[in-house]
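Below is one structure; the comments refer to it alone.
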Amino acid sequence: MGFFKESYEDGYQFNKSNFNTSTVAVLVIACNRPSISRCLNKLLKYRKSKEQFPIIVSQDCIHERTSQVIKSFGSEITHIHQPDQKEIKVPSKEKKFNGYFKIARHYKWALNQVFNTYNYGTAVIVEDDLDVAPDFFEYFKATLPILQKDRTLWCVSAWNDNGKFALIDRNDPKLLYRTDFFPGLGWMLTRELWIELHKKWPNSYWDDWMRHPDQRKGRSCIRPELSRSKTFGKIGVSNGLFYDKHLKFIYLNEVPVDFTKFNLTYLLKNEYDNNFVGHVYKAPQVNYNELKTKAIKHNDPVRITYYTKNNLKSLTKLFGLMDDFKSGVPRTAYKGIISFTYENRRVYLAPSNDWKGYDPTWQ
């Protein structure tokens, strides 16, 4: 074929030229859920161009019923099957987490297929238990140039970890943010990033591995105010962790936005830092009790300052936000700032002005 190759220490080679930059592959990660039909039906319903967004379903398990469901979509999708079905040797203390090891193995194989075998330049990863919003494809099409241009970005996600009905501004479905927290759950990456990650891909817990400073390297993701994805899979490897308390309440956008008609350069780092961060610290500082008792005499955005891990955890619980950290980064945070609404008012939980960066000991 005349491809130039770039090889790494594990023996895998990547085509260095002639890869497809004009399309975005949608990689659906599947295993043993026949309900994948719900996910695929939504993707096909909202996809306007098969050529621009080819769908590849990568199945891991030997599960005939699920295989038949996938095959029933015929030429609308490409069905591939992860060939290594051997049991993985898992440390005895982690036997009950065996599924996370299989998922990491599957992701690595599937992404290698997308970027090397099929030679795509960009992919959006969708798990088989996700619903997508009507403007899912417009969102990724419009943000791709920003991802490609800004080296301080490494992903675009369809997901808002704090996207519950009461915590979002439903009147502004076009609102997008930068975040230092890797959200996952419907996310886009480039071939260039995969070549970087592939050579050190972990044996398990790939999403938390992505959130480690050694991988993130100070880079951020784009995420929406209103989620463009929503999980319906309570039962899975995680045994429904967070589902009943948070995930099932995430609001899926219903008002289509043609993001391709908007100028999204405000998401580029220099412009965003000047405008968003500056706006946050100009907002008047208040406390939780003032909000709760409606003692504030205006409707403008406000800022609540936190100083310690316990201080922040207490505030997130009071507001119904997700209160965990990954490598010291709170969910949805950018430069330590968490943006949400409380009784239809914009609120920023923000560190003090002398913030020195995330503390990995905050867990």
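Every read-out reported here was derived from the displayed coordinates using simple, explicitly stated rules and does not represent laboratory data. Note that the structure is a prediction, hence the values are computed from the model and not measured. Counting neighbours? That spans all protein chains shown, and the Cβs are built from the backbone with ideal geometry, glycine included.
What residues qualify as long-range amide H neighbours of residue 79, i.e. H under 5 Å apart, gap of 5 or more or another chain, H built at 1.01 Å from N?
57
In whole Hz and in residue order, list the ³J(HN,Hα) couplings for the stretch 83-96 that follow from phi through the Karplus curve 6.51 cos²θ - 1.76 cosθ + 1.60, θ = phi - 60°; x for Gly and Pro.
My calculation for the stretch 83-96 gives x, 8, 9, 5, 5, 8, 6, 10, x, 3, 6, 10, 3, 6 Hz in order.
Quick check on packing: order 134-144, 243-253 by the mean number of other C-beta atoms within 10 Å, highest mean leading.
Top to bottom by mean Cβ count within 10 Å: 134-144, 243-253.
Could you list the residues of the stretch 268-311 with an amide nitrogen less than 15 Å from a label point located 7 Å from the Cα of residue 169 in the Cα-to-C-beta direction?
275-284, 299-303
Assign unit charges at the C-beta atoms only (+1 for Lys and Arg, -1 for Asp and Glu), then state the dipole size of the stretch 194-289 relative to its Cα centre in Debye, rounded to the nearest 20.
My answer is approximately 160 debye.
How are the Cα pair distances of the stretch 281-351 distributed, in percent, across 5 Å bins from 0?
With a bin width of 5 Å, the distribution comes to 3, 16, 32, 26, 15, 6, 1, 0.
Which one, 88, 55, 195, has the greatest fluctuation when you compute a Gaussian network model over the chain with C-alpha springs under 10 angstrom?
Top of the fluctuation ranking is 88.
How long is the gain from residue 75 to residue 297 if the chain were fully straight, where each residue apart is worth 0.36 nm and the alpha carbon distance is subtracted?
Length difference between fully extended and current span is 74.0 nm.
Would you grab the residues whose amide H sits under 5 Å from the one on residue 126? Only those 5+ places off in sequence or on another chain, please, with H modelled 1.01 Å from N.
Under 5 Å from the amide H of residue 126: 27, 28, 29.
Efficiency by 1/(1 + (r/R0)^6): what FRET value for residue 270 and residue 86, r their Cβ-Cβ distance, R0 = 41 Å, to the nearest 0.05? Mind showing how you got there, number by number?
Details: r = 49 Å, r/R0 = 1.19.
Computed FRET efficiency for residue 270 and residue 86: 0.25.
Rg and Dmax of the stretch 86-134 over Cα atoms: what are they, in angstrom?
Cα only, the stretch 86-134: 14.4, 44 Å (Rg, Dmax).
Could you calculate the FRET efficiency of residue 41 with residue 95 from 1/(1 + (r/R0)^6), where r is the beta carbon distance between them and R0 is 45 Å, rounded to 0.05? Walk me through the intermediate numbers first.
Working: r = 36 Å, r/R0 = 0.80.
So the FRET efficiency works out to roughly 0.80.
Rounded to the nearest 500 deg cm²/dmol, what is the calculated helix-only ellipticity per residue at 222 nm for the chain, with -39500 (n - 2.57) per DSSP H run of length n ≥ 4?
Helix-only estimate at 222 nm: -6500 deg cm²/dmol.
Putting +1 on Lys and Arg Cβ atoms and -1 on Asp and Glu Cβ atoms, find which of 280, 224, 293 reaches farthest to the positive end of the dipole of the chain.
Sorting the options by dipole projection puts first 293.
What are the ³J(HN,Hα) couplings of the stretch 318-327, residue after residue, when phi is run through the Karplus curve with 6.51, -1.76, 1.60 and θ = phi - 60°? Round to Hz, x for glycine and proline.
Running phi through 6.51 cos²θ - 1.76 cosθ + 1.60 with θ = phi - 60° gives 4, 8, x, 7, 5, 10, 9, 10, 10, 6 Hz.
Find which of 268, 171, 73 sits farthest along the positive direction of the dipole of the chain, computed with +1 on the beta-carbon of Lys and Arg, -1 on that of Asp and Glu, about the Cα centre.
Sorting the options by dipole projection puts first 171.
Give me the dipole magnitude in Debye, nearest 20, for the chain about the Cα centre, with unit charges on the beta carbon: positive for Lys and Arg, negative for Asp and Glu.
400
Under the Cβ-under-4.7 Å rule, which cysteines of the chain stay unpaired?
Lacking a cysteine Cβ partner under 4.7 Å: 39.
Of 116, 85, 103, which is farthest towards the positive pole of the stretch 65-140's charge dipole, taken about the Cα centre with +1 and -1 on the beta-carbons of Lys, Arg and Asp, Glu respectively?
Most positive-ward Cα: 85.
In degrees between 0 and 90, to the nearest 10, how far off the longest principal axis of the chain does helix 98-112 point, with axes built from Cα atoms?
It works out to around 70 degrees.
Cα-based Rg (one decimal) and Dmax (whole number) for the stretch 36-106, in Å?
Computed over the Cα atoms of the stretch 36-106, radius of gyration and Dmax are 15.3, 48 Å.
How large is the charge dipole for the stretch 281-351, taken about the Cα centre, if only the Cβ atoms of Lys, Arg (+1) and Asp, Glu (-1) carry charge, to the nearest 20 debye?
Roughly 80 debye, rounded to the nearest 20.
Using only C-alpha atoms and all pairs of different ones, pull out the Kirkwood radius for the stretch 148-251 in Å with one decimal.
14.9 Å is the Kirkwood radius here.
From the backbone phi of the stretch 328-343, what are the Karplus-calculated ³J(HN,Hα) couplings (6.51 cos²θ - 1.76 cosθ + 1.60, θ = phi - 60°) in whole Hz, Gly and Pro given as x?
x, 9, x, 4, 6, 5, 10, 6, x, 8, 10, 10, 7, 10, 9, 6
Of 245/309; 199/356; 93/317; 48/149; 174/282, which ones are farther than 28 Å apart at the Cα?
From 245/309; 199/356; 93/317; 48/149; 174/282, over 28 Å: 199/356; 93/317.
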